[in-house]
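Quick note: the coordinates plus some simple rules give every number you see, no bench work behind them. The shown structure was predicted, so the numbers you read here are calculated from the model rather than taken from an experiment. Virtual Cβ from ideal backbone geometry, glycine too; neighbours counted across all protein chains shown.
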Amino acid sequence: MAIWNLGSINIDHVYRMQSLPRPGETLAALDFSMGLGGKGANQSIATARAGAVTHHLGALGTTDDWVVERLAAAGVGTDHIARLADQVTGHAIILVDADAENAIVIHPGANRAIDEDALAGTLATIDHGDTLLIQNETNGQVAAAQAAQSRGARVVYSAAPFDLDAVRAILPHVSILAVNAGEAEQLFAGIHGDLPVQGLLITKGAEGAEYRDLHTDQTCRQLSFKVEPVDTTGAGDTFAGFFAAALDEGQDVAKALRLASAAAALQVTRPGAGDAIPSRAEVEAFLADQPI
C-alpha cells in the first residue's frame, strides 16, 4: 500500500496580527515567520508522519531546494516533484489573529504548471489498493483521478479551495469526497441528488467530523478533542492526511476518524502548517490520555 499525492507546494509567509484587517485597513504585524505549506505538501507530510509510504507529485521553481529537503526529512518521497525554470514556487500570505483565525492569499506558481503527460506516466505505476490524494490547488486533477481509478486505487479528493465546476468534473472518478462544513453547504447548494462517490467526509472544526457511507447510508461521527488552539492553518490537511493513512493501513472508518481528529487537535496547538504536523507517536501518546 502507498499514498500518492497530486498536491500543491507553497512557501508560507505567516504574519501574526492582533486582528485581521478590514477592507481598506493597514495594520502592523506582531510577528513574521516563513515555512513550508500548501494543501498538498501538508497532506503529504501528514500521511508520511502517520506512517504511510508517501509519494508527492507536484512542481516547484528552481531556487527553493530547502523545500524538497524539508519534505524528504518528513519522510515524503520527492522523486516526482518537477523543477520548472519558468515558474516560481507557489506561495501563500497567511494572516493569523489573536484567536487563531486566519485569512490566506495564494499565488499558485508552479502548482498550476504540472506536466499532465508526465503525471499520467507516473500514475501508470499506481497499484490496486493504493490511494491518490488530490486537492484544488494544482492542475491535472481529473486526469490523475481517472488514471488512479482505472488502476483500482482509492481516490480521496479534498474539494478545497472550493470550486463547483472542479467538483463536478472530478466527482465521477472519486472514492471519498472530503469537505469542511462551509464547503459542504456550497456542495449541497450546487449539486442536487445523490453524489456519485462511496464516502463523504465532513470536518466541522470544534464540532468534530463525520463520515457518511453513501452506499450503506451509515454515518460515523467523531467529536473533536478539546485543546487550546494557537494556529488553525493546515488543520484540515492534517486531518485528511491522517485519515487517508489510517485507511491505507486497513483501519476502519471509526478508528481513522479518531486518529485524524487527534492529529488535527495536536496540530492546532502549534504555530505553522506543515511544520506543525505531529508524528504518529505523538498522536498515539495523545490518544492514550483521552477517554474512549
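Details
- Trypsin sites (Lys or Arg not before Pro) within the stretch 117-193, DSSP loop, no more than 11 other Cβ atoms inside 10 Å: none
- Electrostatic dipole magnitude of the stretch 95-233 [Cβ: Lys, Arg +1; Asp, Glu -1; Cα centre; debye, to 20]: 360 debye
- Summing charges over neighbours of Val88, with a neighbour being any other residue whose Cβ is under 15 Å away from its Cβ, gives -3 when K and R count +1 and D and E count -1.
- Expressed to the nearest 5 percent, the antiparallel share of DSSP beta bridges inside the stretch 152-285 is 55 percent.
- When Thr47, Thr122, Thr63, Thr269 are sorted by how many other C-beta atoms sit within 10 angstrom of their C-beta, beginning with the fewest, the order is Thr63, Thr269, Thr122, Thr47.
- With helices as the sole contributors, the chain gives -9500 deg cm²/dmol at 222 nm; each DSSP H run of n ≥ 4 counts as -39500 (n - 2.57), and the sum is divided by every residue.
- Exposure proxy order (Cβ contacts within 10 Å, fewest to most) of Tyr15, Tyr157: Tyr15, Tyr157
- The trypsin sites (Lys or Arg not before Pro) of the stretch 253-292 include none that meets both criteria, a DSSP state outside H, G, I, E and B (loop) and at most 15 other C-beta atoms within 10 angstrom of the site's C-beta.
- Descending by average beta-carbon neighbour count within 10 Å, the peptides 2-14, 135-147 line up as 2-14, 135-147, the highest first.
- 15 Å reach of a label modelled at Val142, 7 Å along Cα-to-Cβ, counting backbone N of the stretch 166-199: 166-174
- Between the alpha-carbon centres of the stretch 186-256 and the stretch 22-77 there is a gap of 22 Å.
- Relative contact order of the chain: 19 percent, from C-alpha pairs under 8 Å at least 6 residues apart in sequence.
- For the stretch 120-159, the relative contact order comes to 53 percent (Cα pairs under 8 Å, sequence separation of at least 6).
- The mean sequence distance of close C-alpha pairs (under 8 Å, at least 6 residues apart), as a share of the length of the stretch 1-44, puts its relative contact order at 53 percent.
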